[in-house]
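Taking it in order: structure first as structure tokens, then the write-up.
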Amino acid sequence: MKTEIIPASEIQTALEVLQNGGIVAFPTDTVYGLGALAFDNSAIESIYVAKKRPVEKAIPVLVVDVKNFDLVASSIPEMAKRFAEKFLPGPLTCVVPKKSTLPPAISATDTVAVRIPNHPDALNLLKAAGAMAVTSANISGQESPVTAEEVYKQLNGRIPLILDGGKTFGGVPSTLVDCTGEMPVILREGPISLEQLLSVLK
């Protein structure tokens, strides 16, 4: 497979790849992500193959705004709503109850992780494509890439397309927080701390 790098402004080309069951790497506010349409099970499976990602690891879903949480969540806990209001768009991923219509490749559990990236190129792509299953654009276990060139070094020949939007301004994967219990539980530490989350719930 030939891997092409094009400017992030060329959304139509990316959309054609996605709608034909392909996967695309693109910049977010944290690191470069590798994504497929959120309801295309076989495309999501190809993310696992490209990244050599263990199949038991769920893939988060990126949406363009809070209203679109309903596309993937069967219900939205009050805690998640408050976090979204305060921190999204931004480097926070909320784990919420999963809608049964989501493909099994996204998550083997009854939950789904959802986020709104604070990056114009990512938001433009999501506006055009709708909800996308997205994880970092790297070989699993290796450094998360912050430039298109870093994505190319790891995934050349494994994915068809990289959207080049320059260096990402975050560089650290988002904070992953489970919002399904009575209190937030951080599953992966990131730019937003537990203290910041708890302050919203006071």
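The values are calculated or read from the model by the stated rules, or taken from the named source; none is laboratory data. As the structure is a computational prediction, the values presented were derived from the model and not from experiment. Here the Cβ is made from the backbone with ideal geometry for all residues, glycine too, and neighbour counts use every protein chain on show. Surface accessibility is based on the protein's heavy atoms, side chains included, excluding ligands, DNA and RNA. Shrake-Rupley method; radii C 1.70, N 1.55, O 1.52, S 1.80 Å.
Annotations for the structure displayed:
- Expressed as a whole percent, the accessible surface of the chain that belongs to carbon and sulfur atoms is 52, based on a 1.4 Å probe.
- Once C-alpha pairs closer than 8 Å and six or more residues apart are averaged by separation and normalised to the residue number of the stretch 67-122, the relative contact order reads 40 percent.
- Within the stretch 7-109, GluC sites (Glu not before Pro) in DSSP loop having at most 10 other beta-carbon neighbours inside 10 Å: 56
- Long-range HN-HN contacts of residue 114 with modeled amide H, under 5 Å: 61, 94, 95, 96
- Ignoring lysines fewer than eight residues from residue 86 along the same chain, the ones with Cα atoms less than 29 angstrom from its Cα are 57, 67, 98, 99, 127, 167, 202.
- Stretchable slack from residue 82 to residue 19, in nm (0.36 nm times residue separation minus alpha-carbon distance): 19.4 nm
- Sequence-distant residues sharing a close amide H with residue 28 (under 5 Å, placed H): 33
- Once you reduce the stretch 164-202 and the stretch 104-155 to the center of their Cα atoms, the two points are 16 Å from each other.
- Crossing angle, helix 120-129 versus the chain [Cα axis fit, 0-90 degrees, rounded to tens]: 90 degrees
- Here the 3J(HN,Hα) profile of the stretch 19-28, calculated from phi with Karplus coefficients 6.51, -1.76 and 1.60 at θ = phi - 60°, is 6, 9, x, x, 10, 9, 9, 7, x, 10 Hz, Gly and Pro shown as x.
- Using alpha-carbon coordinates, inclination of helix 41-51 to the longest axis of the chain, degrees: 80 degrees
- The 3J(HN,Hα) values that the Karplus relation (6.51, -1.76, 1.60; θ = phi - 60°) gives for the stretch 158-168 are, in residue order, 10, 9, x, 8, 10, 8, 9, x, x, 6, 6 Hz. Gly and Pro appear as x.
- Once both labels are positioned 7 Å from their Cα atoms along Cα-to-Cβ, the gap between residue 199 and residue 12 label points is 4.6 nm.
- In nm, spacing of pseudo-spin labels at residue 183 and residue 99 (7 Å Cα→C-beta vector): 3.2 nm
- For residue 169 and residue 48, the FRET efficiency from 1/(1 + (r/R0)^6), where r spans their Cβ atoms and R0 equals 41 Å, is about 0.90.
- Taking every protein chain into account, the accessible area of the chain amounts to 45 square angstrom per residue (probe 1.4 Å).
- When only Cα pairs below 8 angstrom with a gap of at least 6 residues are kept, the chain shows a relative contact order of 34 percent.
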